[in-house]
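Shown next, in structure tokens, is the structure this report addresses.
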Amino acid sequence: MKLAGQKALAYCEKPKPRDQAILIFSSDPGLVSSAADTLVAKRLPDIDPMNVVKLNDDNLKNDDAMLADELVARSLLGGDRLVRLRLEKETYAKQVIAVLSDIDNDRLHAEALWIIEARDLGKSSKLRAAFEASKTALALHLFPDDETSVTDYAEAQLAAAEISIEPDARRPSAPSSPAIAASPCPKSKSSSCSHMTSGGR
């Protein structure tokens, strides 16, 4: 399943407990990270930091079984677990797709919530296609150029933190023009007024 733009951001505010694997991708990594933070805060508000595992490309490169092992592991402390995987590129997407396939076909029973953060994935991306077609996963496509979606999301974050902003702050400011300063003309019979400057000569 796939959600995009404002719907994807809205999902992060009200995530569904049935979704066990969630791919979040965009050309803006900061937006992806913020959306993932919000999703975790809403889905697992009381999670113990000791139950959070963060993985990246290097982890997949060095140990191709680590991802599956972390997903099926149970917490020794009790409570929910989270596996957060950040992919900088699709080099190791094959491993991720294989794990997702095992989950979809009940060959692997994940105990942890699995969130994958990725950069922009085109329509030809196999990773994106796998999550969109999955029966147990969800793909969230965020658009940094969608000003309305990003603004609404930012305002929601500020509202959650009980921070208000003035209406003027929401409007883009007009481009500023160079300051023009005029110096008084000398009182001289032989000179004309030529002391108008724009940022210096």
For the range 33-43, enumerate the residues that are in contact (Cβ under 8 Å) with a residue 24 or more places away in the chain and not small (Gly, Ala, Ser). THR38, LEU39, VAL40, LYS42, ARG43
Among the residues of the range 118-143, which ones are surrounded by fewer than 21 Cβ atoms within 10 Å (Cβ to Cβ), charged (D, E, K, R) and touching a residue at least 60 places away in the same chain (Cβ under 8 Å)? ARG119, ASP120, GLU132
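Being hydrophobic (A, V, I, L, M, F, W, C) and either without any contact (Cβ under 8 Å) to a residue 40 or more places away in the chain or touching an Asp or Glu at 6+ places or on another chain (Cβ under 8 Å) (or both) is the filter here; which residues of the range 95-117 pass it? Spell out how you get there, then give the answer.
Let us first name the residues in the range 95-117 that are hydrophobic (A, V, I, L, M, F, W, C), namely 96-100, 103, 108, 110, 112-116.
Across the range 95-117, the qualifying residues are VAL96, ILE97, ALA98, VAL99, LEU108, ALA112, LEU113.
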Show the residue pairs meeting these rules: Cβ distance below 8 Å; 6+ apart or different chains; first residue within the range 44-64 and under 24 Å from ARG119 (Cβ atoms) and surrounded by 15 or more Cβ atoms within 10 Å (Cβ to Cβ); second residue polar (S, T, N, Q) and at pLDDT below 95. ASP57/THR91; LEU60/GLN95
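Condition first: within 13 Å of LEU113 (Cβ to Cβ) and in contact (Cβ under 8 Å) with a residue 12 or more places away in the chain. Now tell me which residues in the range 17-32 satisfy that.
Initially, the range 17-32 is screened for residues within 13 Å of LEU113 (Cβ to Cβ), giving 17-24.
Listed by number, the residues that qualify are PRO17, ASP19, GLN20, ALA21, ILE22, LEU23, ILE24.
From the list TYR92, TYR11, exactly one residue is among the aromatic types (Phe, Trp, Tyr) and closer than 23 Å to PRO144 by Cα. Which is it?
On the way: TYR92 fails: closer than 23 Å to PRO144 by Cα.
Testing whether each residue is among the aromatic types (Phe, Trp, Tyr) and closer than 23 Å to PRO144 by Cα leaves just TYR11.
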Taking the range 84-104 only, how many residues are assigned to a strand (DSSP E or B) and either among the aromatic types (Phe, Trp, Tyr) or more than 15 Å from PHE131 (Cβ to Cβ) (or both)? 2
For the range 89-102, check the following and say yes or no: at least one residue is crowded, with 21+ Cβ neighbours inside 10 Å and of a type in the set (Lys, Arg). no
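The values are calculated or read from the model by the stated rules, or taken from the named source; none is laboratory data. Just so we're clear, the structure is a prediction, and the values are computed from it rather than from any experiment. Positions of Cβ are backbone-derived with ideal geometry, glycine not excepted, and every protein chain shown enters the neighbour counts.
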